[in-house]
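The values are calculated or read from the model by the stated rules, or taken from the named source; none is laboratory data. As the structure is a prediction and not an experimental result, all values here were calculated from the model. Cβ: placed from backbone, ideal geometry, glycine included. Neighbour counts: every protein chain shown.
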Amino acid sequence: MASRREKFTRGWWFILPGITLMVLIVGAPLAMGFYYSLHDVFLYSFRNQVFVGLENYRRVLEDPLYINALRITTIFTIGCLVFAVGLGILIAFLLNARQVKFRSMWLALFLIPFVMTPVVGGIAWRFFIWQQEFGVVNQVISLFGGDMRYWLLDRETALLATIITNSWHLTPLSVLVFYAALTTIPDELHEAGRVDGAGPFQALWYIVLPMLRPHILFVSIIIITSAFREFDMIWALTGGGPGRSTTVLSIFAYNRGIANQDMGMANTIAFTMFVIMATVAWLYITVYRRRFQEH
């Protein structure tokens, strides 16, 4: 009995430090956030807490500003997912081609946006890419006779500009993962595709993408969780404006907690973000696992 018990518990001793660290870093703040979400708590009077139960959640779910922020966050997340995964696969596929020279140099250049802090990247794009008078985008448009636009000051274009900028920051992660995955695909598969007359994009669709499904799942979850809680990049670009056209849930929670000093409501918004993200990740993994088992 002692040997069996020791064999069963031996593995837990190895993972105990990691579990303990995760509980301290993730579990404790999460529990505190949930605790404050059940109270009326204000920024400069934390001691004066009034228990309100689920009243904050009822108020949040009935608030049209919260619904609008949730809608904008969903659009922003899906946009970043499509751009980052799509461009990541395409760039990795092109870099993996035999004709590419200086592959290491290109990989290093593509990784620069990922190692750059979101605030610095957002400021750089705000003043050098989207700027109305001398920004790169408007300069290129003017070459073709188009009208210069205030991309970050127009409600119709501000959200698209933030999606593109944040996708630029996230795409290198996709490139790195997909390129590493592409190097594991046997050359025999590519040779068989070329023998059957498959062109580059046919090989991408029928050979590469099916082999990348597990990696697409991994990258998608990382990008979804990152984009859904993004704050720094959007704040550096637009501050949540113009109006509320780029006010995602993280900025909405910040405004309620700092500007309005209502920390109870801010923690409620933040905890709903956690619940939504955990549910989406669980559904995503469950559906993918079932489909994978069917095949």
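Data for the structure
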quantity	calculated
Residue 59 being without any contact (Cβ under 8 Å) to a residue 40 or more places away in the chain, in a helix (DSSP H, G or I), of a type in the set (Lys, Arg) and out of contact with any Asp or Glu (no Cβ under 7 Å at 6 or more places or on another chain)	no
Failed item in (1) in a helix (DSSP H, G or I); (2) free of Cβ contacts under 8 Å to residues at least 24 places away in the same chain; (3) surrounded by fewer than 18 Cβ atoms within 10 Å (Cβ to Cβ), with residue 239 passing the rest	(1)
Pairs with Cβ under 6 Å, 6+ apart, first in region 70-87 and closer than 16 Å to residue 158 by Cα, second outside any helix (DSSP H, G or I)	72/248; 73/248; 76/248
Residue in region 250-259 that is loosely packed, with under 14 Cβ neighbours inside 10 Å, farther than 17 Å from residue 222 by Cα and out of contact with any His (no Cβ under 7 Å at 6 or more places or on another chain) present	yes
Residues satisfying the stated conditions in region 76-103, i.e. basic (Lys, Arg) and more than 16 Å from residue 199 (Cβ to Cβ)	101, 103
Candidates 281, 198, 192 - the one that is closer than 23 Å to residue 72 by Cα and either at pLDDT below 90 or touching an Asp or Glu at 6+ places or on another chain (Cβ under 8 Å) (or both)	281
Qualifying residues in region 48-70 (those that are of a type in the set (Phe, Trp, Tyr) and more than 23 Å from the chain's Cα centre (by Cα)) - the one nearest to residue 242 (Cα to Cα)	57
Yes/no for residue 185 being surrounded by fewer than 19 Cβ atoms within 10 Å (Cβ to Cβ), at pLDDT below 90 and in contact with a Gly (Cβ under 7 Å, 6 or more places away or on another chain)	no
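Residues are listed down the side, and each one gets a yes or a no for (1) in contact with a helix residue (DSSP H, G or I) (Cβ under 8 Å, 6 or more places away or on another chain); (2) surrounded by fewer than 18 Cβ atoms within 10 Å (Cβ to Cβ); (3) not in a helix (DSSP H, G or I):
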{"residue": "110", "(1), (2), (3)": "yes, no, no"}
{"residue": "133", "(1), (2), (3)": "no, yes, yes"}
{"residue": "141", "(1), (2), (3)": "no, yes, no"}
{"residue": "166", "(1), (2), (3)": "yes, no, no"}
{"residue": "171", "(1), (2), (3)": "yes, no, no"}
{"residue": "174", "(1), (2), (3)": "yes, no, no"}
{"residue": "189", "(1), (2), (3)": "yes, yes, no"}
